[in-house]
1. Condition first: under 13 Å from the mean Cα position of the chain (by Cα) and part of a loop (DSSP other than H, G, I, E, B). Can you find one or more residues in segment 94-101 that meet it?
2. Taking the residues in segment 104-128 that are part of a strand (DSSP E or B) and surrounded by 12 or more Cβ atoms within 10 Å (Cβ to Cβ) as candidates, determine which candidate is nearest to the chain's Cα centre (by Cα).
3. Checking the conditions here, which among 76, 3 is hydroxyl-bearing (Ser, Thr, Tyr) and surrounded by 10 or more Cβ atoms within 10 Å (Cβ to Cβ)?
4. Please go through segment 37-63 and give me each residue that is free of Cβ contacts under 8 Å to residues at least 40 places away in the same chain, under 19 Å from the mean Cα position of the chain (by Cα) and surrounded by 15 or more Cβ atoms within 10 Å (Cβ to Cβ), ordered by number.
5. Please tell me if residue 61 is modelled with pLDDT of 90 or more, in a strand (DSSP E or B) and of a type outside the set (D, E, K, R).
6. Just the residues that are surrounded by 13 or more Cβ atoms within 10 Å (Cβ to Cβ), under 31 Å from the mean Cα position of the chain (by Cα) and more than 25 Å from residue 131 (Cα to Cα), please, taken from segment 6-36.
7. Do any residues in segment 64-84 that are touching a residue at least 40 places away in the same chain (Cβ under 8 Å) and in a strand (DSSP E or B) have Cβ atoms under 9 Å from those of residues that are of a type in the set (Gly, Ala, Ser) and surrounded by 13 or more Cβ atoms within 10 Å (Cβ to Cβ), where the two are at least six apart or on different chains, and which pairs are they?
8. Any residue in segment 99-115 that's among the aliphatic types (A, V, I, L, M): show its pairings with residues that are assigned to a helix (DSSP H, G or I) and modelled with pLDDT of 90 or more at Cβ separation under 6 Å, as long as the two are six or more apart or on different chains.
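The values are calculated or read from the model by the stated rules, or taken from the named source; none is laboratory data. Keep in mind that this is a model prediction, so the values were computed, not measured. Note: ideal-geometry Cβ built from the backbone for every residue, glycine included; neighbour counts use all protein chains shown.
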Amino acid sequence: MEYIIGFIVLIVIMICLGVSRNIIIGVVLGALGLAALLIYIFFIYAMTLLLRSVGKKGEFVRTYKGDKQSFDRAYYMIEGREYPCALPAEFVMRDIIYKKGKEVGVRLVKKKDLVLDKNAVSCIVLGFLVFTLIAAVAVSAVLQIL
């Protein structure tokens with residue numbers, strides 16, 4: 001939220017300084033493109049984690065927010081060891097999605113000591129597909145301009 005307010009203040013300052021609308025539009029589009037690129041890089045990284053993971057049966061244990069974390073994570077017990085989910089725990093319908101003691105299929109990323117539950121897998125795949133489409137449209141638009 002702070003970034004959005006800062007960006008709006010920057011645009012207002014640019015308008016007060018008499019910067020042309022074309023430059024302001026270019027800055028806005030550039031910032032949106034950079035944000036989309038960074039999110040796409042995140043989804044590429046998450047997809048590599050998913051591809052390097054192995055399927056396991058795990059038992060949901062709890063959701064917990066650590067001291068250095070800003071969100072709750074789901075924890076699963078796999079072969080006697082507890083692993084956190086790589087993505088935040090769902091907030092909506094938490095009682096339906098996470099049931100203590102229920103054995104579920106998860107993807108274990110051994111090198112990172114993380115798991116990917118079904119919610120995380122669906123978010124990663126859907127996000128990767130959507131941002132691949134956005135990247136394709138953006139590249140097409142840039143090529144048409146050039």
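1. No, segment 94-101 contains no residue that is under 13 Å from the mean Cα position of the chain (by Cα) and part of a loop (DSSP other than H, G, I, E, B).
2. Ranking the qualifying residues of segment 104-128, first place goes to 116.
3. When all the criteria are applied, what remains is 76.
4. Selection gives 63 alone.
5. When the stated conditions are applied, residue 61 passes them.
6. 10, 11
7. That search, which allows pairs on different chains as well, returns 74/89; 74/120; 76/58.
8. 109/49
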